[in-house]
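To keep things clear, I will list the structure first and then write my remarks on it.
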Amino acid sequence: MLKNNTYEALFLPTKSGVIKIYIYGFKPYGSWGQVFTSMNTVSVNVKGYNRKKTIIRSLEKLNESLLNMKEDE
């Protein structure tokens with residue numbers, strides 16, 4: 001993957017805060033990329049080749065992390 005400074009940002013409002021998703025790479029088609037997902041103080045980093053699946057995987061990991069935090073309280 002070529003190093004470039006372009007990324008996409010998605011902001012999803014929820015009742016408990018805003019989910020911020022930053023997407024790097026995936027261009028040209030088939031090259032790997034990274035997805036950083038954060039909410040409040042929890043953040044997750046996922047790498048992959050398929051853009052859509054990588055975004056979904058990062059949201060799944062964020063959800064799992066948030067549930068684990070609530071269980072610890």
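No lab work stands behind these numbers, since they all come straight from the coordinates. Fair warning: this is a prediction, and the values are worked out from it, not measured in the lab. As a convention, Cβ positions derive from the backbone with ideal geometry for all residues, glycine included, and neighbour counts pool all protein chains shown.
How large are Rg and Dmax for the range 7-72 when only the alpha carbon atoms are used, in Å?
Taking only Cα atoms of the range 7-72, I get Rg and Dmax of 12.3, 42 Å.
Let me know the number of lysine pairs in the chain closer than 29 Å at the Cα, not counting same-chain pairs under 8 apart.
Within the chain, the lysine pair count is 27.
What stretch of the chain, leaving out the sites themselves, is the longest with no trypsin sites (Lys or Arg not before Pro) in a DSSP loop having at most 12 other Cβ atoms within 10 Å?
16-73
Mind pulling the angle between the C-alpha long axis of helix 51-72 and the longest principal axis of the chain? Nearest 10 degrees, somewhere in 0 to 90.
Tilt of helix 51-72: around 20 degrees.
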